[in-house]
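Have a look at this one.
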2 protein chains.
Amino acid sequence: MGSRDPFTEELLSLKDQVYFPGTFKVPAGIDKVIIAGMGGSGIVGRLFSELYGEKPVMVSSGYTLPEFTDAKTLVICISYSGNTAETVSSFNEAKRQGAAVVVISSGGILGAADAEAVIVPKGKSPRSAIGYMLMPLLNAFGAVSEKEKREAALLLDTLDGDNSEAEKIAAEIFSGSRMPLVYSTFPNESIAYRWNTQFNENSKILSFWGSFPELNHNNTMALKLTYRKNLLYPICLVSTTDKRILKRIKATEDVTGMKFRRVLKAKGSSPFSRALYLIHLGDYVTYYLARMRGVDPLDVSTIEELKRALK
Amino acid sequence: MGSRDPFTEELLSLKDQVYFPGTFKVPAGIDKVIIAGMGGSGIVGRLFSELYGEKPVMVSSGYTLPEFTDAKTLVICISYSGNTAETVSSFNEAKRQGAAVVVISSGGILGAADAEAVIVPKGKSPRSAIGYMLMPLLNAFGAVSEKEKREAALLLDTLDGDNSEAEKIAAEIFSGSRMPLVYSTFPNESIAYRWNTQFNENSKILSFWGSFPELNHNNTMALKLTYRKNLLYPICLVSTTDKRILKRIKATEDVTGMKFRRVLKAKGSSPFSRALYLIHLGDYVTYYLARMRGVDPLDVSTIEELKRALK
């Protein structure tokens, strides 16, 4: 890895976040969970809904909550700043609809609101605090073991030590001004979505994203007729071990003529460490691409400007 | 509208599908719903989950179902052909996990399986039978009134009679080989996703898609720095009346410098007719674009080839 900059330091902390002990008590009698959150905080809810299967977990990314929100619903409001307008509004809706409410935030309005709150360390960019916001969910629902944490931390540490593969991928995307086309595998749609949003926020470019097998029912026709190897950079992030899905990767290449630049298989033995590994790899790819493009990966000035315009 | 072809006839049937009387009995004691479906059939589940709010509705687009699937779960397996591999597998999983099961299909394996089945008219492309598959859900859960059906049918009929706006949009996309960037508004993410998949399947092109306000937390940075008005065709599909979201459309244009080519406000007074109106408009845009590009909107040969390769 090249010389350190503030964003590199942000990336290097994910392995430590895995041991963040934050948790909360899941209220008795809860039969469903809604996670309210946007962007770099909301991704945590999407990821958790794919890693935890014992209760229904739905993600809400707006100002309002579904009508079925009731006293048997736990609404978890996640906002790193604690001030996200949509999530503050969802918090108020949850209270009004009589739900049990928990907050995960570093402070702000939500950190001080009338609800059990897990306060996470301040001062990071929300998308680099994904571990701080995810672990309290997994801890509270007993959805991760100490062994899984150790494995994940080890894998993340390895990536921090050698991410030359990520740098190569970024260089290939950069060299042809290519547009990333990122696919992940069911049920981990959130991994492709995370890469997409990191391309948006860190590298300041748009990207296409989707997930096997769903993409086979729509993207496939477009890939056959419009795939241009010099314009797109197709990449496949494999977290599944289901052979029925794995077969589709090669079959899709065969029938469309599109060839993935990389088929990246997750390391790790648990869905948790496999997801974090692929996510962190994307953190590095999008970081390197930002540096190559000469943009600041930490710059969110346009989003800040938008927030001011909306006040 | 120009001369008729088989696909035009497909499009013209949506207004009649609104009156499809198919329904089923929702079993007593059900506290959550999972809709299993892929592509043109799966979109029905996504749309229903946004239109119906009394019970949690989750969409599953893979071979397996969540662990929480139990006797209090209604699993609705939607596959127009009745033979979709993932949905047939999900049907078997649902039975194994002891869930209540309902099938919506035109026949095939699922149409003949051991479960209550709503059989819809055969012989269409799945994505043009969206009404046949959606109405049984809305009818069964009492989520649509006769008045709402009449309004929707009238709006769809008006679009069938004059879709010159859709033809103009298609011509603008075609003239510059532009890539569509389609945004919808919370909670109707499925409207943007439907346009995206129709661009894929009908027009055989890829497109970007997202939804307000979530996109403001990630796409915004990319739009500011990489928006090229000659490469992208940004369009906004407005189904909401929430002023907090409406404000974001103009504010996003102001801070990013991107200007929507069209901000299309839904017609109709109910979420149901508003969603169907915007979806049908996209059907026409993607159909016209296919004709301009010289591709057959009904051609799904690559998907068929893929299915054979997977056998």
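Return yes when B:Ile34 is closer than 17 Å to A:Pro66 by Cβ, in a strand (DSSP E or B) and modelled with pLDDT of 95 or more and no when it is not.
Criteria met by B:Ile34.
Among the residues of the stretch A:2-24, are any open to solvent by 20 Å² or more (accessible area, probe 1.4 Å) and at the interface with another protein chain (Cβ under 9 Å from one of its Cβ atoms)?
No, because not a single residue in the stretch A:2-24 is open to solvent by 20 Å² or more (accessible area, probe 1.4 Å) and at the interface with another protein chain (Cβ under 9 Å from one of its Cβ atoms).
Hey, can you tell me all the residues within the stretch A:1-31 that are at pLDDT 95 or above, part of a loop (DSSP other than H, G, I, E, B) and within 16 Å of A:Leu156 (Cα to Cα)?
Across the stretch A:1-31, the qualifying residues are A:Val18, A:Tyr19, A:Phe20.
In contact with a Lys or Arg (Cβ under 7 Å, 6 or more places away or on another chain) and within 14 Å of B:Pro56 (Cα to Cα) - does that describe any residue in the stretch A:33-50?
Yes, because at least one residue in the stretch A:33-50 is in contact with a Lys or Arg (Cβ under 7 Å, 6 or more places away or on another chain) and within 14 Å of B:Pro56 (Cα to Cα).
Look at A:Ile245 and say whether it is more than 9 Å from chain B (Cβ to nearest Cβ) and either touching a residue at least 24 places away in the same chain (Cβ under 8 Å) or open to solvent by less than 40 Å² (accessible area, probe 1.4 Å) (or both).
When the stated conditions are applied, A:Ile245 does not pass them.
Still on this structure: Any residue in the stretch A:195-211 that is more than 10 Å from chain B (Cβ to nearest Cβ) and modelled with pLDDT of 95 or more?
Looking for residues that are more than 10 Å from chain B (Cβ to nearest Cβ) and modelled with pLDDT of 95 or more, one finds at least one in the stretch A:195-211, hence yes.
B:Met258 passes all but one of (1) under 20 Å from A:Val300 (Cβ atoms); (2) open to solvent by 10 Å² or more (accessible area, probe 1.4 Å); (3) touching a helix residue (DSSP H, G or I) at 6+ places or on another chain (Cβ under 8 Å); which number fails?
B:Met258 satisfies all of (1) under 20 Å from A:Val300 (Cβ atoms); (2) open to solvent by 10 Å² or more (accessible area, probe 1.4 Å); (3) touching a helix residue (DSSP H, G or I) at 6+ places or on another chain (Cβ under 8 Å) except (2).
Next question, about the same structure. What are the residues in the stretch A:216-241 that are open to solvent by less than 10 Å² (accessible area, probe 1.4 Å), more than 9 Å from chain B (Cβ to nearest Cβ) and out of contact with any Ser or Thr (no Cβ under 7 Å at 6 or more places or on another chain), if any?
A:Tyr233, A:Pro234, A:Ile235, A:Cys236
Also, quick follow-up: Filter the stretch A:289-311 down to the residues that are farther than 25 Å from A:Tyr63 by Cα and in a helix (DSSP H, G or I) and list them by number.
Of everything in the stretch A:289-311, those that are farther than 25 Å from A:Tyr63 by Cα and in a helix (DSSP H, G or I) turn out to be A:Leu289, A:Ala290, A:Arg291, A:Met292, A:Arg293.
Would it be correct to say that B:Glu86 is modelled with pLDDT of 95 or more, within 13 Å of another protein chain (Cβ to nearest Cβ), open to solvent by less than 10 Å² (accessible area, probe 1.4 Å) and over 23 Å from B:Asp283 (Cα atoms)?
Taking the combined requirement at face value, the residue satisfies it.
Could you list all residues from the stretch A:171-185 that are out of contact with any helix residue (DSSP H, G or I) (no Cβ under 6 Å at 6 or more places or on another chain) and open to solvent by 10 Å² or more (accessible area, probe 1.4 Å)?
Scanning the stretch A:171-185 gives A:Ala171, A:Glu172, A:Ser175, A:Gly176, A:Ser177, A:Arg178, A:Met179.
Against the definition (within 9 Å of another protein chain (Cβ to nearest Cβ) and in a helix (DSSP H, G or I)), how does A:Thr286 come out, yes or no?
No.
Next question, about the same structure. Does B:Val59 fit the bill of being open to solvent by less than 10 Å² (accessible area, probe 1.4 Å) and either within 23 Å of B:Glu201 (Cα to Cα) or in the same structural domain as B:Leu276 (by TED's automatic domain parsing) (or both)?
Spelling it out, it is not the case that B:Val59 is open to solvent by less than 10 Å² (accessible area, probe 1.4 Å) and either within 23 Å of B:Glu201 (Cα to Cα) or in the same structural domain as B:Leu276 (by TED's automatic domain parsing) (or both).
Given (1) basic (Lys, Arg); (2) closer than 22 Å to B:Ala36 by Cβ; (3) under 17 Å from the mean Cα position of the chain (by Cα), where does A:Arg244 come up short, assuming only one miss?
Of (1) basic (Lys, Arg); (2) closer than 22 Å to B:Ala36 by Cβ; (3) under 17 Å from the mean Cα position of the chain (by Cα), only one is false for A:Arg244: (3).
The values are calculated or read from the model by the stated rules, or taken from the named source; none is laboratory data. The structure presented is a predicted model; accordingly, all values stated were derived computationally and were not measured. Because the Cβ atoms are built from the backbone with ideal geometry, glycine has one as well, and the counts that use them run over all protein chains shown. In case anyone asks, the SASA skips ligands and DNA or RNA and just uses the protein heavy atoms, side chains included. Shrake-Rupley method; radii C 1.70, N 1.55, O 1.52, S 1.80 Å.
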